Amino acid sequence: MTIQPTDFGTLRRWVRRTQSDHRERGATAGNIYFAVLFIAVVGGMLHRQLAVIFWPVHPNASELAGSALVLAGVGGLFLALRRLGPLGLSRPAASWFLTAPVSRRRLLVPSLRLAAAGAGLAGALYGVAVVGHVADRPMPAAEGALLPVVGALLGIVILLAAVAAQSGPAWGGWADNLAYLLLAAGLTGFVVDSVIDAPRATASWPTTAVAATTAALALVVIVLLAIAVTRLAGTPNDRILEAAKTAGTLLDSAFGVEPSFVTEMVERRYWANRRLRSVRLWRRLPVLTAQDLLLVRRRPRRLLWIAGAVALPTLLAHAPAWVLAAAVLLGGMLAGGVSTGNVRTDAGNPVMLRLLGLDSRSAITQRLWVPTLLAGLWYAAALALLDALGDLPAGPWWALGIALAPVGSVAAIRKARAGFVRNELLPLDTPMGTLSPGPLVNSVVGPDALLLGLPALVEIAQGHPLSWTTVLVQAVVSVIGARAYVSGTTATDRVELAAIP
Amino acid sequence: MVDQPAVDASGLYVSYGSTPVLVDVALRVPIGAGVCVTGENGIGKSTLLRCLSSLQRPDQGKIRIFGRSPGSTPEFWRQVATTVEPPTWYPGLTVREHTELVCRAHGQDPDEAGVDAALEGFGLAGHADAIPPSLSSGQKQRLTLALTLLRPSSLLILDEPEQRLDHQGRATVAAMLSQYVADGGTLLMASHDDVFAEASGAEITTMESLAAPAGTGS
């Protein structure tokens, strides 16, 4: 028996008409009205800040920084698109249309159209920002108009590369690695730019060169787009389903204001794609510490990023000193967070802790060691680098980093134990409208423990030479704070880790 | 105390909204005995086991596990092992490493505790390097049982352990449970399979009989 494919366009129109019948009259127009009003109000409120981001009064970045921005943007956009799909369907469409006898190409073309619009818009905005920060002024009008178009076309080229990689060719993994390298190279460029006095762009680019680049890119986009559309039907079902789940999880996360949905999805996918070999846990270490070390050993790429991020505080060398200090403190918390996936599991569901029969105090004490090690190494390296580059006054900054280790680890563990966002908290009425305090409270749990690093923060903010007395004060505060955290939020007669300690 | 039972519950009442699930339920399981509670779906077997495991608070009633109130203390969870709740698996830890972690947390040497033999017995030897979320539901059920049986305990509370197991798997698990009881452990489980329950060395009792004024499980 031969089944004739159903006309997908007719089917989609029928679905839209039926959905529209169930909505109240004018609901769609109302939604559009509120969206436009929201953009207008926010745009009006933030236009100065947006101008600083996209088109400062005077170009303020070097050519090196501009190149770094482009590299990081290309790598970042490719990776973001790969994580999103980029081709996907809504969850209902994935359930009902993917298995229906409809043209796969017609099913996926709207998704490609939407993704191209998104990537083009992102590329154009990014292009405007790069040009605004780097290009010499005054700029010929034609060039000013063409450069965002170059950005948009480049965004679409990156999207089409991601679409090709979605079909699962052997080079997909290599392309991801290349994108990671571009992102890393871009970040390295920023760091180098902040250290050396890189030259500014002195003359605007020739208009003919920009026009030729635009034309060449447009041609590439047309050819690649034609190839992509003809090959759309070959996109494997599992990749489309995965993208549909990603889109669904992101929507759930946004509507529920619950970022942990996304964290869990990313974590689950990471491990699902890894091939592991069982090893013995280190016998000389406490069992949960050994487990944390094993987890860290199995995340080499994350460790590499954390190691590379040691250089990022140097980007803030010219920012207010307290901003630099806060960024350093926050960085140690993120470094300590590499191994806290196990704490998150136990905080979310204590079944394994009950099976292990360990009390919460032993569990948290054992779980603190690896984050302390990671945070200590990160703080010491970051502060030593700032010191070596002359961004800090004289003193034993590496020692202050080690003294800060418990601060980063307590903050990381506290963040991992925060659990779900508490949406049951009473909403607050503000002049800007009703505000749900749940997400705010949840985002503060963890970073609030960084207050234990106050002696270091004050020291960096004041800009005085660092003395061993300050290091000692910080060490004492860190250790007392960590001990107070453990004894105040755990108990020897309780297994469960409380959701919000 | 010699006469002290492993499980001693009386006058248990639990209702979900206006629907009563447990009405004046009593159960007594002596130390070293095996009891299997049977009954149709929705009659309250899982609710009873959850109450006895301290995972749910009854509306009324008295529960004593080895003479003490069940709670969330580490002492309680070192005595009691249960599969009433499915575990959330640790990220990036293989099947074998989960078993080793549980053994080492209880001070056991994984080799002496028989990790490899347990994985072999539960048909998981070929999946030792897999992460638990990638296993089928039946394999996850067997891994949970393996973890529960590998670690030392005095009381096993199992909710339908035969579910999602094939014929051979049921025979293997039943033999292990029978050995557990023979070694002095106390077994309390809910099941729909009378043959499995008898092979596990458990005495069968119905939920209806537990609700009777004189209802006892042993």
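Some points to look at:
- Only Lys, Arg (+1) and Asp, Glu (-1) charged, at Cβ; the stretch A:50-255 dipole about Cα centre in debye: 840
- For A:Val157, B:Val102, A:Val52, order by how many other beta-carbon atoms lie within 10 Å, fewest first: A:Val52, A:Val157, B:Val102
- Calculated FRET value between A:Leu37 and A:Ala185, using beta carbons and R₀ = 56 Å, to 0.05: 0.85
- Estimated from helical segments only, the mean residue ellipticity of chain B at 222 nm is -10000 deg cm²/dmol, where each DSSP H run of four or more residues counts as -39500 (n - 2.57).
- Sum of side-chain charges, A:Ile402 neighbourhood, beta-carbon under 15 Å (Lys, Arg +1; Asp, Glu -1): -2
- Remark: the stretch A:141-253 carries a charge dipole of roughly 240 debye about the Cα centre, counting +1 on each Lys and Arg Cβ and -1 on each Asp and Glu Cβ.
- Helix-only mean residue ellipticity at 222 nm for chain A, each DSSP H run of n ≥ 4 adding -39500 (n - 2.57), per residue, nearest 500: -23000 deg cm²/dmol
- Gyration tensor over the Cα atoms of the protein assembly as shown: the corresponding equivalent ellipsoid has semi-axes (square roots of 5 times the eigenvalues, largest first) of 53, 36, 24 Å.
- Counting, for every residue in A:353-365, the Cβ atoms of other protein chains within 10 Å of its Cβ and taking the mean gives 6.
- When the Cα positions of A:Ile222, A:Leu108, A:Gly151 are compared along the charge dipole of the stretch A:50-255, A:Leu108 comes out farthest toward the positive end, with charges on each C-beta of Lys, Arg, Asp and Glu.
- If you look at the Cα atoms of the stretch A:299-373, you get an Rg and a Dmax of 16.2, 52 Å.
- Mean separation of Cα pairs under 8 Å and 6 or more residues apart, divided by the residue count, gives the stretch A:294-489 a relative contact order of 26 percent.
- Separation between Cα centres of the stretch A:55-107 and the stretch A:427-501, rounded to whole Å: 36
- Over chain B: Kirkwood hydrodynamic radius from C-alpha pairwise inverse distances, Å: 17.7
- Dipole of the protein assembly as shown computed with +1 at Lys/Arg Cβ and -1 at Asp/Glu Cβ about the Cα centre; of A:Ala411, A:Asn60, B:Val102, farthest Cα towards the positive end is A:Asn60.
- Ranked A:Ile240, A:Ile53, criterion: other C-beta atoms within 10 Å, fewest first: A:Ile53, A:Ile240
- Rg and Dmax of the stretch A:50-255, both derived from C-alpha coordinates alone, stand at 18.9, 62 Å.
- Sum of side-chain charges, B:Cys51 neighbourhood, beta-carbon under 14 Å (Lys, Arg +1; Asp, Glu -1): 0
- Computed about the Cα centre, the dipole magnitude for the protein assembly as shown is approximately 1560 debye when only Lys and Arg (+1) and Asp and Glu (-1) carry charge, each at its Cβ.
- Proximal lysines to B:Lys45, defined as alpha-carbon separation beneath 25 angstrom and excluding residues fewer than eight positions away on the same chain: B:Lys62, B:Lys140
- Per-residue mean of foreign Cβ neighbours for A:287-300 is 3 (Cβ atoms of other chains, 10 Å radius).
- Share antiparallel - DSSP beta bridges, the protein assembly as shown, percent rounded to 5: 50
- Relative contact order computed over chain B (Cα-Cα under 8 Å; 6+ residues apart), in percent: 30
- Other residues with beta-carbon under 12 Å from the beta-carbon of A:Leu355 carry, at +1 per Lys or Arg and -1 per Asp or Glu, a net charge of +1.
- Projecting the Cα atoms of A:Trp171, A:Leu294, A:Pro236 onto the charge dipole of chain A, computed from C-beta unit charges around the Cα centre, puts A:Pro236 farthest toward the positive end.
- Peptide B:101-112 - average C-beta neighbours from other chains (10 Å radius): 4
- Exposure proxy ranking for B:Met176, A:Met352, based on other Cβ atoms within 10 angstrom of each Cβ and starting from the fewest, stands as B:Met176, A:Met352.
Bear in mind these aren't lab numbers, they're just calculated from the coordinates by the rules spelled out. Note that this is a predicted model, so its numbers are computed, not measured. Every residue, glycine among them, receives a Cβ derived from its backbone with ideal geometry; neighbour counts consider all protein chains shown.
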